[in-house]
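Notes follow once the structure below has been shown.
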Amino acid sequence: MDLKHSAATGAAEASDAYIASKSTDMISPKDSKPPKADIVATEGYKVYARRWAVLILFVFYSASNAMQWVQYTIINNIITRYYGISDKWVDWTSMIYMILYIPLIFPGSWFLDKAGLRVTALVGVVGTCVGAWIKVFSVDPSLFYVGFIGQAIVALAQVCILSLPARLAAVWFGPDQVSSATSVGVFGNQLGVAMGFVLPPMLVPNSESLDTVGKDLQMMFYLVAGLTSVLLVLMAIFFQDKPPTPPSAAQEAAQRLEGLAAEDQVSFMQSLKNLMTNRNFIFLLLSYGINVGVFYAISTLLNPVVLKYYPGHEVDTGRIGLSIVLAGMLGSVVSGIVLDKTHKFKETTLAVYALSMVGMWIFTFTLDTGHIAVVYLTASLLGFFMTGYLPVGFEFGAELTFPEPEGTSSGLLNASAQTFGICFTLFYSELFYSYGDVPANVAMALMLILGTAITAATRSDLRRQNAQVVGSNAASNP
C-alpha cells in the first residue's frame, strides 16, 4: 500500500463538505449559523470543548499510575531496613514496570485498536486502583511480597496508559493542537513521576523506629489507594471514547483507511509489519529507547547516587527527582508548542536529543562539587531536555508511520524504552556499585552520543503533515 497516496486520497474524498479556515479555538466556521458552545471549527472540521476535560482526566489517571513507579526506590534505604531486603529487590520494584510492559505491548496495542480509548483507559484505571489497595495490606516487615504483587498489578495497568497520549491527541484535537495535546498527555506521566519522587521521602522519613516507619508507609499507601479510587469513579463517568466527528483531514483519512482495513480484514499483524519495515521508524525506535532508557536508569538509582555525596539528604534526593521531572514537564510543553508552530519534527527531535546528551555530561561531573544546589541545577537541565524529549518522540513517530494507528507506534516506542530501561538499569547498577558513579554516568552519556547519531541519520518523512496539507487543499478546491 502506498501510504502517502492512500492517506491523501482518503482525506481529499472525505473533505468535500467542509470549508477551510485557519485553525484556532477563537475562529467560527464560515456558515450563517453560530456553532454550539461545545464546538469550534478548525480548518473546516469541528473540535469539541469537551476534549480538554477528556485530556485533563487522562493526565491525572496517568499520574496516579506513574507516581507508584519510584514509590519504593526513592526511599531505597528506608525500604531495605524496614523489610530486611537487599537493594536489588527494591530496584526490581521499578524494573517490574519495564519487564511486564514488553511482552504485553502487542496485545495491549491490539486491544486499544479494537476496544477504543474509553474501554482501554477504564481497564487501566481499575488495575491501578486494585494494585494500590493491595499495597495497603503489605505493611509488615514480612510482607514485602504482598507489596510487590500490588506493584506488579499497577505495572500491568500501565500497558493501558503509555500508548494513549498520541492516540487521544489525534482523535480529539485539530492539526494545530495535536502536538501540544500529546505533550500535555505525556505531562501526566511526568507529573506522576514527580509526585513519586517528592511524596515518599516526605511521608516516610528515615525514622529509627520501625513501628513509626510502618505507620508512615500505611498512611502513604492509603493516600494513593484513595486517590486512585476517586479517579476510577471520575473516569467511569466522564471519560469518552471519541468526538462525534473527526477533528482534522488527517484523522478523517485515518478513520477512512481504518474502515477500509476492517472491510478488507487487514490484520493487526499487517500493521505491525508495516511499522517494522519502516527504516526511519526503526531508527527512531533505537534512539528513543536509548534516551528514555537512560532516564529510567538514572531515576531508579537516584537515591544511592545522591546519598553517596550527600548522606542524610533523603528529602533532597526526592526533590532533585522532582526538579528533573518538573523541568521535563516544561520541556515537554515547550517542545509541543514548537512542533505545532513550526512542524519541524526532525530538527526539533535532533536538537532536544543533542542537548540531553550535553546535560548528561554536565550532570556527571558536577555531582561531587559539595554544593547540593549545583546538583539541583544540573539535574533540572538534564530533565528539561531528556524528559522533554518524550512527546517529541511520540509525535515524530506518528508522522513517520501515518496512517498506522498512533497507539501501535507509541506502544512500540514504549516497548523499546522499557527494553533499554531494563538493560541500562542493570548495567548502571553494576557499574555504580562496582566502580562508582562517574563510570556509570559516563557510560550513559556515551549511549546518548550514539542515540544522537542515530537521530541525525533518521530521514524526515512527514506523512501525516502531507496528508493534512493535501486534505486541506482539497477542501479549499472542492
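The values are calculated or read from the model by the stated rules, or taken from the named source; none is laboratory data. These numbers come from a predicted model, not from an experiment. In this analysis, Cβ positions are derived from the backbone assuming ideal geometry, glycine residues included, and neighbour counts consider all displayed protein chains. Surface accessibility is based on the protein's heavy atoms, side chains included, excluding ligands, DNA and RNA. Shrake-Rupley method; radii C 1.70, N 1.55, O 1.52, S 1.80 Å.
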### Task
Highest first, please rank the peptides 282-289, 76-83 by the mean number of other Cβ atoms sitting within 10 Å of their residues.
282-289, 76-83
### Query
How much length, in nm to one decimal, is gained on full extension between VAL119 and PHE106, taken as 0.36 nm per residue of separation minus their Cα-Cα distance?
3.0 nm
### Task
Can you quote the Å³ per residue value for the convex hull of the Cα atoms in segment 94-138, rounded to an integer?
71
#### Entry: Residues in segment 279-298 that a label on PHE427 would reach, taking backbone N under 11 Å of a point 7 Å out along Cα→Cβ
290-291, 293-294
### Query
Of all accessible surface on segment 378-443 at a 1.4 Å probe, what whole percent is carbon and sulfur?
75
### Centroid-to-centroid separation of segment 351-427 and segment 110-160 [C-alpha atoms, Å]
25
### Task
Provide the packing ranking of 177-184, 330-337, i.e. peptides ordered by the mean count of other C-beta atoms within 10 Å per residue, highest first.
177-184, 330-337
### Query
Simple spin-label model, 7 Å along Cα-to-Cβ: THR277 to VAL230 in nm?
5.1
### Query
Based on the Cβ-Cβ distance from PHE137 to TRP52, what FRET efficiency comes out when R0 is 45 Å, to the nearest 0.05?
0.75
#### Entry: FRET efficiency estimate (nearest 0.05) - Cβ-Cβ, SER209 to ASP241, R0 41 angstrom
0.25
## Note on the structure
On the accessible surface of segment 140-182, probed at 1.4 Å with all protein chains in place, carbon and sulfur together account for a percent value of 72
